[in-house]
Amino acid sequence: MLRSLSGLMMLLSIAAHAAEAPAVPSPGGDLAGSIGQMAFGLGVVVAVLMACLWLLKRLGAPRGSARGMKVLGAAPVGPRERVVLVEVAGKVLVLGVAPGRVNTLHSVDAEQLNSAAATTEPPADAGGFATRLKAMVEAHKHA
């Protein structure tokens, strides 16, 4: 009798424990909640990235004397050296830039440079190397 009573008590405790356990959530509702939470998190991350990019753009804008400076072009003349055209206050400066050094090579008025560029005609050999190569190949075929 004691055995049957302890068995019955055991069954009752298992049933009570099962009744207290939370019900298994339906897979559809849990999936929608997870997707919603993930989309919200992604939206927060994208918003933070956009705010950081905007802040970097605002802080990286030139201030003071750099506002009137405009880089017109650059050409490499060595592995770490280059010639740079910079327009500042109506003047165009030709600068030689090397690691640790910047030298002024020449200075021209911006209007003078623009008028010279407008009157300069393109060279007769506008095709350059490709045109000469084609002419040489044609001449070689006929020879």
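Values as computed for the structure displayed
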item: Scan of segment 93-105 for residues that are closer than 19 Å to Gly68 by Cα and surrounded by 11 or more Cβ atoms within 10 Å (Cβ to Cβ), ordered by number; result: Leu93, Val94, Leu95, Val102
item: Which listed residue, of Ala130, Ala51, Ala74, Ala47, is at pLDDT 75 or above and assigned to a strand (DSSP E or B); result: Ala74
item: Residue ID - modelled with the highest pLDDT, chosen from residues in segment 115-127 that are of a type outside the set (A, V, I, L, M, F, W, C), loosely packed, with under 11 Cβ neighbours inside 10 Å and out of contact with any helix residue (DSSP H, G or I) (no Cβ under 8 Å at 6 or more places or on another chain); result: Thr119
item: Failed criterion for Pro79 (all others in (1) at pLDDT 80 or above; (2) in a helix (DSSP H, G or I); (3) of a type outside the set (Phe, Trp, Tyr) hold); result: (2)
item: Identity of the residue in segment 76-92, within 15 Å of His106 (Cα to Cα) and in contact with a Lys or Arg (Cβ under 9 Å, 6 or more places away or on another chain), that ends up surrounded by the fewest Cβ atoms within 10 Å (Cβ to Cβ); result: Val88
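The values are calculated or read from the model by the stated rules, or taken from the named source; none is laboratory data. As the structure is a prediction and not an experimental result, all values here were calculated from the model. Every residue, glycine among them, receives a Cβ derived from its backbone with ideal geometry; neighbour counts consider all protein chains shown.
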